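Notes follow once the structure below has been shown.
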Amino acid sequence: MSDFLELAARRQSCRSFSGARVERDKLTKCVEAGRLAPSGCNGQPWSFVVVDDPGKVAGIAKCGQVFGNNAFTDKAGAFIVVLEEHAELMPALREMLDSQFFAKGDIGGAVVNICLEAADLGLGTCIIGLYNREKIAKLLDLPREQRFGALIAVGCPADGTIRPKVRKPLEETVRYV
Ligand SMILES: Cc1cc2nc3c(=O)[nH]c(=O)nc-3n(C[C@H](O)[C@H](O)[C@H](O)COP(=O)(O)O)c2cc1C
């Protein structure tokens, strides 16, 4: 059995890609990991667009380079665009909650699964928080009203150094009662 905590520590935001392409079967495994994530009422409010055509990859990279950030994505091998889709909630909840009530959290889980699977396959990922949704919609032929969940750059890390994690201490973030 692989050591999950070791994998969680090894997954890191990669900001130095080699520029190599990423095999499609590895990208499919990443999406499969995302698809297996839990979601409120099993609503699965997501779909995934895997961008691995070099011309389109270059175009999507530019969409995430806002305020002068994220130039490193020029060397990403692919992007996974997570789209937010309609979630069907349980009938009992439909009266009380908006259909998308759990969606952001659900998508967060899917994104983490994708990044962990990528790390397990030796790939690097970086979640890109700010991006030009309109330009991405145009590039990918999506309707203008499409809701976006996340943009993830995927690629081959240029070097294998694993940085120590910068996190609040465990004692400050947990209490047992
Ligand atoms: C919602 C979200 C948006 C992020 N956006 C960016 C980004 O635009 N550029 C970037 O270099 N890193 C981005 N990151 C990566 C975070 O900076 C990183 O996860 C955090 O510093 C912890 O480092 P680690 O991922 O290496 O453990 C983002 C992460 C999340 C979860």
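The values are calculated or read from the model by the stated rules, or taken from the named source; none is laboratory data. All values reported here derive from a predicted model rather than from experimental measurement. For neighbour counting, all protein chains shown are included, and Cβ atoms are generated from backbone atoms with ideal geometry for every residue, glycine included.
Which one is nearest to the ligand (Cβ to nearest atom), of the residues in the stretch 99-127 that are surrounded by fewer than 22 Cβ atoms within 10 Å (Cβ to Cβ) and not in a helix (DSSP H, G or I)?
Looking at residues that are surrounded by fewer than 22 Cβ atoms within 10 Å (Cβ to Cβ) and not in a helix (DSSP H, G or I), I get Ile127.
Would you please list the contacts, defined by Cβ atoms under 6 Å and residues six or more apart or on different chains, that run from a residue in the stretch 77-104 that is under 21 Å from Arg144 (Cβ atoms) to a residue that is of a type in the set (Lys, Arg)?
From the stretch 77-104, the pairs are Glu84/Arg147.
Quick one: count up the residues across the stretch 144-177 that are closer than 20 Å to Pro45 by Cβ, in a loop (DSSP other than H, G, I, E, B) and modelled with pLDDT of 95 or more.
Matching residues across the stretch 144-177 total 1.
Of the residues Leu130, Leu142, which is away from the ligand (no atom under 14 Å from the Cβ) and of a type in the set (A, V, I, L, M, F, W, C)?
From the options Leu130, Leu142, the qualifying one is Leu142.
Quick check on the stretch 64-75. Is at least one of its residues over 17 Å from Gln146 (Cα atoms) and more than 16 Å from the ligand (Cβ to nearest atom)?
no
Scan the stretch 145-177 for residues that are loosely packed, with under 15 Cβ neighbours inside 10 Å, within 16 Å of the ligand (Cβ to nearest atom) and β-branched (Val, Ile, Thr) and report the count.
Summing the residues that are loosely packed, with under 15 Cβ neighbours inside 10 Å, within 16 Å of the ligand (Cβ to nearest atom) and β-branched (Val, Ile, Thr) in the stretch 145-177 gives 4.
In the stretch 131-143, what residues are under 18 Å from the mean Cα position of the chain (by Cα) and either under 24 Å from Ala20 (Cα atoms) or part of a helix (DSSP H, G or I) (or both)?
Within the stretch 131-143, Tyr131, Arg133, Ile136, Ala137, Leu140 meet the criteria.
Filter the stretch 76-98 for residues that are within 15 Å of the ligand (Cβ to nearest atom) and of a type in the set (Gly, Ala, Ser) and give the result.
Once the filter is applied, which keeps residues that are within 15 Å of the ligand (Cβ to nearest atom) and of a type in the set (Gly, Ala, Ser), the stretch 76-98 yields only Ala76.
Out of curiosity, is Ala110 more than 18 Å from Pro157 (Cα to Cα) and aliphatic (A, V, I, L, M)?
Yes; evaluated as a whole, the condition is true for this residue.
Determine whether the stretch 5-27 contains at least one residue that is touching a residue at least 60 places away in the same chain (Cβ under 8 Å), more than 18 Å from the chain's Cα centre (by Cα) and part of a helix (DSSP H, G or I).
no
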